[in-house]
Amino acid sequence: MSTDTLDSIVDSARRAFAGARTPADLENAKAQFIGKSGRITELMKGLGALGVDEKKTRGAAINAAKQAIEAALAGRRQALADAELDAQLKAEALDVTLPGRLRDPGGLHPVSLTMERIERIFASMGFDVADGPEIETDWHSFTSLNNPPNHPARSMQDTFYVDIKGEDGIAYNLRPHTSPMQVRYAHAHIKKHAKTVQAGGTMPEIRVIAPGRTYRVDSDATHSPMFHQCEGLWLGENVSFKDLKVVFTDFCRTFFESDDLALRFRPSFFPFTEPSAEIDIQFQSGPLAGSWLEVCGSGQVHPAVVRNMGLDPEKYIGFAFGMGPDRLTMLRYGVNDLRLFFDGDVRFLRQFR
Ligand code: PHE
């Protein structure tokens, strides 16, 4: 066989290797030339039939061809490996110059904003801010507030009960209002100042608000089974309905940032206040102008409640009120469906950030 033919085998090997797109293709191509029955291997096998001299020259020529093919194979192998690595690097590329993924900053819930606002305004008028339990005894939620078992006034509040009985044998309730805080706070206040009183000093006035969650069996566009209230109590030796009017008017004007606001005290009934009033407000301008909006229940603390606080109703007198921060939030921001506050939709909540 001539060198020409050997050269052409090497050529076609080089072409086959160049055409191989994957390592597997390349191994197949290799087999055709230097594999067990490849073309070069077959030529080697034929050497045995030749004479010594011819075997030498022929053998050297075939060997040279084989080495050329092996070199081409190694080159192509390296090229394919390089290409593979390149592709992998490209696929896994990390662009460290890209901007980071920012996490949305959170914000306070609109009702929380209102609560904070209420607390700030009343604190500026010298009111303490107190917290109370949401699972209450029957006595604190009702009886201490002049609303004994079986009293018809209890049906004013459709109440959730807990499957645990208190010491009085009556089930605990999810407090339907923040009013139980009136007696609770008074007890704590009296205890706190007991030493002063024992030493002949006078007990400071009780001036407190108690904001928090409250619960009733109620659910529609303007009622949620969980809602918020903020109780207020001012009790002293000379606190009158006039003070309630001044405090609450001042509060509303500060809260809504408007002196252009009318208040109306409309006679009402609560077992724990006498006389009692619903407080309505009326905006004089803006989208809500004209109509009276109910924002708060209030009244002079009933003597029976003062007695349950452990105080003498002949000496201590004052007022209490209970307002709805959810309602105030709706009015302040122009929200018309209470349920939006409790759906947890970030598209809604983001607007108050
Ligand atoms: N607790 C009453 C309610 O939930 C509101 C209120 C509080 C009324 C204090 C008078 C005094 O409706």
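The values are calculated or read from the model by the stated rules, or taken from the named source; none is laboratory data. Since this is a predicted model, take the numbers as computed values, not measurements. No Cβ is skipped: glycine too gets one built from the backbone with ideal geometry, and neighbour counts run over all protein chains shown. SASA here: full protein model, heavy atoms, side chains in, ligands and nucleic acids out. Shrake-Rupley method; radii C 1.70, N 1.55, O 1.52, S 1.80 Å.
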Problem - Number of the condition not met by Pro204 [criteria: (1) open to solvent by 50 Å² or more (accessible area, probe 1.4 Å); (2) outside any loop (DSSP other than H, G, I, E, B)] - result: (2)
Handout entry: Index of the failed condition, Trp292 passing every other in (1) open to solvent by less than 50 Å² (accessible area, probe 1.4 Å); (2) more than 15 Å from the ligand (Cβ to nearest atom); (3) in contact with a strand residue (DSSP E or B) (Cβ under 7 Å, 6 or more places away or on another chain)
Key = (1)
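Mind telling me which of the residues Ser258, Ser268 ends up being at pLDDT below 95, open to solvent by less than 70 Å² (accessible area, probe 1.4 Å) and either more than 16 Å from the ligand (Cβ to nearest atom) or part of a strand (DSSP E or B) (or both)?
Ser258
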Handout entry: Failed condition for Leu102, given (1) touching a residue at least 24 places away in the same chain (Cβ under 8 Å); (2) away from the ligand (no atom under 16 Å from the Cβ)
Key = (1)
Problem - Unique residue being open to solvent by 70 Å² or more (accessible area, probe 1.4 Å) and either within 30 Å of Ile121 (Cα to Cα) or within 28 Å of the chain's Cα centre (by Cα) (or both) when the list is Thr178, Thr222, Thr196, Thr214 - result: Thr222
Problem - Matching residues in segment 135-158 - criterion: being hydrophobic (A, V, I, L, M, F, W, C) and either farther than 20 Å from Phe321 by Cα or within 11 Å of the ligand (Cβ to nearest atom) (or both) - result: Ile135, Phe142, Leu145, Ala153, Met156
Problem - Scope segment 90-111; condition outside any loop (DSSP other than H, G, I, E, B) and surrounded by fewer than 10 Cβ atoms within 10 Å (Cβ to Cβ); matching residues - result: Lys90, Ala91
Problem - Residue tally, condition surrounded by 14 or more Cβ atoms within 10 Å (Cβ to Cβ) and in a helix (DSSP H, G or I), over segment 20-63 - result: 16
Completion exercise
Flagged in segment 159-202 as of a type in the set (A, V, I, L, M), within 14 Å of the ligand (Cβ to nearest atom) and out of contact with any Asp or Glu (no Cβ under 9 Å at 6 or more places or on another chain), in numbering order, are Val183, Ala186
Practice task
Say whether the condition of being touching an Asp or Glu at 6+ places or on another chain (Cβ under 7 Å), open to solvent by less than 20 Å² (accessible area, probe 1.4 Å) and among the acidic types (Asp, Glu) is met by at least one residue in segment 280-288.
Solution key: yes
Handout entry: Any pair with Cβ under 6 angstrom, 6 or more apart, that starts in segment 134-148 at a residue that is in a helix (DSSP H, G or I) and ends at one that is at pLDDT below 95
Key = Asp138/Ile170
